[in-house]
Amino acid sequence: MLIVLMALMMLAAPVSARAAQLPGATLHVGGAEIEVSFEAGDLSLTCTATLDWISESACAVTEYYGHFPVRHLQVDVVPFDHGKGVVFGRTFVPGPVPVIRVTIGRVATVSDLHEDWIMTHEMVHLAFPSVPEKHHWIEEGIATYVEPIARAQIGDLTAAKVWRDMVDGMPHGLPDAGDRGLDNTHTWGRTYWGGALFCLLADVEIHRRTRNQFGLQDALRAIAKNGSMLDDWPLTHALKVGDDAIGVPVLSELYDKMKDAPWDPNLPKLWQQLGVKLTGDSVTFDADAPEASIVTSIMKPRADRSICAKEP
């Protein structure tokens, strides 16, 4: 009993105290083992809160893809003396086990973790094969687009929050003067939001052509079933795998349209067709809009949340 009480006390202690006594913890989510380590340093969060945040992010990714993208993952938590909340995250592959290294501000709170997008964003990276550097926009674009939808599908975000952020963010992905397409224009806006814009347009078009039977989520699930960040693929191969799974060549056609030339999809018209209406600091959804059903279909979970909840 004394040993159990001591273990519970260490989990409830600040990370700096726990890191000095235990090497870390192992989480089991979506068929994966996630090894979490804490670097020494001051952090006001408890280990339990930090592990819950990592687990919840893994749960969102598991629900979106139907499984966690890799079987083994290392997560390194790095306390940071300056800054508040989750400061920075990076995913890389130094060997057979991918690593997510995340920096958290010393005075971060549980509320900061609940509002964080970085951990889920980094985990989404694991689900897409590594592609040549000029296609970095697809890696960051998928992570930017999928992260809020995945979190909404497990109840962490509202649909209104997801689409308000899209209305705010997608214009950053539009081409400026001198743009030479996604493969050749490597600005922040075109890399992150240009890639996310590609995903949004693909998602909408897949729903249109399949009458809401399939969406981008189904294409990305097929890609993740066949490869992960651990694998090196040509981008065209990844897009074909996704297209084959949904039965329409939307990804390949859209890539041909956007890779080497600027293209403005007329976002105001798209929002109108989808019934996404900006209202003050939020959005409302017009159920009578011509393609309102697409928004509902994009946000609908593919499976019950219990898939993740049943994990040991």
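FYI, it's all coordinate maths here, none of it is from the lab. Nothing here was measured: the structure is a model prediction, and the numbers come from that model. All Cβ positions, even for glycine, are placed from backbone atoms using ideal geometry, and neighbour counts span all protein chains on display.
Here are some notes:
- Surrounding net charge for GLN273, when Lys and Arg each add one and Asp and Glu each subtract one, Cβ distance under 11 Å: 0
- Put in line by how crowded their Cβ is, counting other Cβ atoms within 10 Å and starting with the fewest, PHE38, PHE92, PHE80, PHE68 read PHE92, PHE80, PHE38, PHE68.
- Computed [θ] at 222 nm, helices only, for the chain once each DSSP H run of length n ≥ 4 contributes -39500 (n - 2.57): -14000 deg cm²/dmol
- Each principal axis of the stretch 35-131 carries a Cα extent, and these read 35, 26, 21 Å when sorted largest first.
- Binned Cα-Cα distance frequencies in the stretch 187-255 - 5 Å width, integer %: 3, 18, 27, 24, 18, 8, 2
- Remark on ASP231: its backbone amide H falls under 5 Å from those of SER130, a criterion applied only to residues 5 or more positions apart or on other chains, H modelled at 1.01 Å from N.
- Taking the alpha carbon gyration tensor of the stretch 217-290, multiplying each eigenvalue by 5 and rooting it gives semi-axes of 31, 16, 13 Å, largest first.
- Cα shape, the stretch 65-115, gyration tensor, a/c 1.5 rule: oblate
- Most fluctuating residue given options VAL204, VAL97, VAL86, as computed from a GNM of the chain linking Cα atoms under 10 Å: VAL97
- Extending 7 Å from Cα along the Cβ direction at LYS257 and again at LYS134 yields two label points whose distance is 2.2 nm.
- Using a Förster distance of 25 Å, the FRET efficiency for ASN226-LYS300 (Cβ separation, nearest 0.05): 0.55
- Share of pairwise Cα separations in the stretch 133-309, more than 25 Å, in percent: 31
- Whole-angstrom gap from the stretch 175-227 to the stretch 109-126, using each part's C-alpha centre: 21
- Applying a threshold of 32 Å to the alpha-carbon distances of LYS257/LYS277; LYS240/LYS277; LYS225/LYS269; LYS269/LYS300 flags LYS240/LYS277; LYS225/LYS269 as lying beyond it.
- Extension gain, ARG90 back to THR284 (0.36 nm per residue minus Cα-Cα distance, nm): 66.4 nm
- When the chain is described by a simple charge dipole with +1 on each Lys and Arg Cβ and -1 on each Asp and Glu Cβ, the residue from GLN213, GLY24, THR103 located farthest towards its positive end is GLN213.
- Largest mean-square fluctuation among HIS237, HIS67, HIS121, in a Gaussian network model of the chain whose springs join Cα atoms under 10 Å apart, belongs to HIS237.
- For the chain, Cys with no neighbouring Cys Cβ under 4.7 Å: CYS47, CYS199
- Here the residues HIS136, HIS125, HIS82, ranked from fewest to most Cβ neighbours within 10 Å of their Cβ, fall in the order HIS82, HIS136, HIS125.
- For LYS84, a cut-off of 14 angstrom between C-alpha atoms picks up these aspartates and glutamates, skipping any fewer than 8 places away in its own chain: ASP42, ASP112, GLU115, ASP116.
- Cα extents of the chain along the three principal axes, largest first (Å): 63, 42, 38
- Nearby aspartates and glutamates by direct alpha-carbon distance to LYS134 (threshold 15 angstrom, same-chain neighbours under 8 apart not counted): ASP179, ASP183, ASP232, ASP256, ASP260
- Ascending count of other beta-carbon atoms within 10 Å, so fewest first, for CYS308, CYS47: CYS308, CYS47
- Between PRO96, PRO265, PRO301, the residue with the greatest mean-square fluctuation in the GNM of the chain (Cα pairs under 10 Å linked by springs) is PRO96.
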